[in-house]
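In what follows, a structure is listed as structure tokens, so that the remarks can point back to it.
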Amino acid sequence: MKTPAFQTKLPDLGTTIFTVMSSLAAEHKAINLGQGFPDFPMDETLTGLVNKAMKDGFNQYVHMFGYGPLRETIAAKIKNLYGTAVHPDQEITVTPGGTYAIYSAITAVIHPGDEVIIFEPAYDSYIPNVKVNGGVPVVIKLKHPDYSIDWNEVRRSITPRTKMILLNSPHNPTGSVLNGADINELRSIISGTDIFILSDEVYEHLIFNGKEHQSILRFPDLMERSFVCFSFGKVFHCTGWKLGYCIAPPLLTNEFRKIHQFNCFSVNTPMQVALATYLQDASHYLSLGNFLQQKKDYFQQLMAATPLKPLPTFGSYFQLYSYAGISNTNEVTMAKKLVTEFGVATIPTSAFYTDGTDNKVLRFCFAKKEETLETAAQRLSKI
Ligand SMILES: Cc1ncc(COP(=O)(O)O)c(C=O)c1O
């Protein structure tokens with residue numbers, strides 16, 4: 001047997017450090033604070049509603065845009081939270097997860113040679129999504145250690161080929177969030193251009209210290225050129241559900257759906273039916289920020305017994321810790337050392353940079369049970 005000759009579309013991709021760290025974690029029976037998912041159970045009200053939907057017979061294909069009542073509930077939630085009216089039929093598409101929504105949005109508008117501004121450290125799907133469409137990622141580094149955006153650098157990076165700016169707030173892996181000044185800078189840079197915005201807001205409700213989420217949905221002038229992507233899996237502690245949605249103005253939604261209808265077409269029905277009811281109670285999502293903040297604060301308190309120093313985090317369920325004060329070892333080596341010698345898996349932040357920028361910082365996921373966090377901190381106190 002001979003495989004036909006072919007040319008890979010993504011020559012630079014191999015096994016990622018995420019896979020390496022997960023296998024090391026399993027091999028060393030380590031506490032896995034590397035991977036970004038909760039180890040506590042999700043809300044039984046929601047699983048109960050899914051059971052009910054299945055028993056009630058909601059088990060066949062649903063509308064290509066998503067279950068109608070769910071889209072209506074999402075529109076009501078957006079109106080309540082951000083004051084913006086979004087049309088459930090023309091502007092909301094339910095997707096199998098946030099990553100899929102991001103991929104579909106990029107695929108809908110990026111042509112070969114188009115440039116996409118991406119801030120690093122970055123969620124790992126963005127660059128391959130741009131490249132597989134023939135687009136050119138233009139990478140700008142967030143400013144360490146607060147991981148804010150250098151808007152002057154953004155200004156300098158705009159060219160006639162710039163087609164999109166990709167934002168992520170609250171941010172993975174750093175926990176930084178956009179503020180009002182960022183929105184004004186963004187507005188001044190793109191006004192009068194044909195640049196799209198892709199806003200990855202999968203950690204929408206996971207925001208701390210009384211900060212307000214600067215959703216692009218708040219700003220009608222930015223919305224008219226944006227795809228805004230969300231994830232139910234991320235916010236409702238069920239990452240394995242892979243369920244999310246994309247909000248975009250009608251013309252962009254139309255393009256988005258051209259990709260979606262021949263890729264996935266219809267997203268699983270019973271979970272959408274369940275969420276249509278669950279989301280009607282605003283406390284289900286308004287309580288999430290406090291819930292995660294308590295975990296973050298508890299983790300920080302426990303980690304005070306270790307030599308690792310926390311960097312500021314205002315959202316998501318990640319916390320960066322610096323070990324610059326105790327070692328000059330590179331991040332990958334340090335992460336491997338922590339998993340093999342101390343039994344705690346983390347992710348080196350260099351994994352989120354194309355050029356492997358190494359600031360001696362590791363990413364910890366604190367969306368874990370208290371006992372998980374306690375054992376991890378106790379192990380790390382021996383460093
Ligand atoms: C920034 C960011 N965007 C998107 C996603 C993916 O969301 P989903 O699991 O719904 O595809 C993640 C998951 O880790 C993420 O961190």
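Assorted remarks:
- Magnitude of the charge dipole for region 190-348, about its Cα centre and with charges confined to Cβ atoms of Lys, Arg (+1) and Asp, Glu (-1), is about 380 debye.
- Taking 7 Å steps out from each Cα toward its Cβ at Asn59 and Phe6 produces label points 3.5 nm apart.
- Highest-MSF residue in the chain out of Ala101, Ala324, Ala122 [GNM, Cα springs under 10 Å]: Ala324
- Within a Gaussian network of the chain (alpha carbon springs, distance under 10 Å), most fluctuating of Gly244, Gly343, Gly83: Gly83
- Between Ser157, Ser350, Ser104, the Gaussian network model of the chain with springs among Cα atoms under 10 angstrom shows the greatest mean-square fluctuation at Ser157.
- About its Cα centre, region 32-139 has a charge dipole of approximately 260 debye under the convention of +1 per Lys or Arg Cβ and -1 per Asp or Glu Cβ, with nothing else charged.
- Region 184-258: antiparallel DSSP beta bridges as a percent of all, rounded to 5: 50
- Under 5 Å from the amide H of Phe196 lie the amide H atoms of Met164, Ile165, each residue being 5 or more positions distant or on a separate chain, with H modelled from the backbone and absent for Pro and chain starts.
- In the chain, the DSSP-assigned H stretches of four residues or longer account for a calculated mean residue ellipticity at 222 nm of -11000 deg cm²/dmol, using -39500 (n - 2.57) per stretch and the full residue count as denominator.
- Burial ordering of Asp297, Asp281, Asp358, fewest other beta-carbon atoms within 10 Å first: Asp281, Asp297, Asp358
Rule-based calculations on the coordinates, nothing more; no lab input. On a predicted model such as this, the values are computed, not experimentally measured, just so you know. Heads up, the Cβs are rebuilt from the backbone with ideal geometry, glycines too, and the neighbour counts pull from every protein chain shown.
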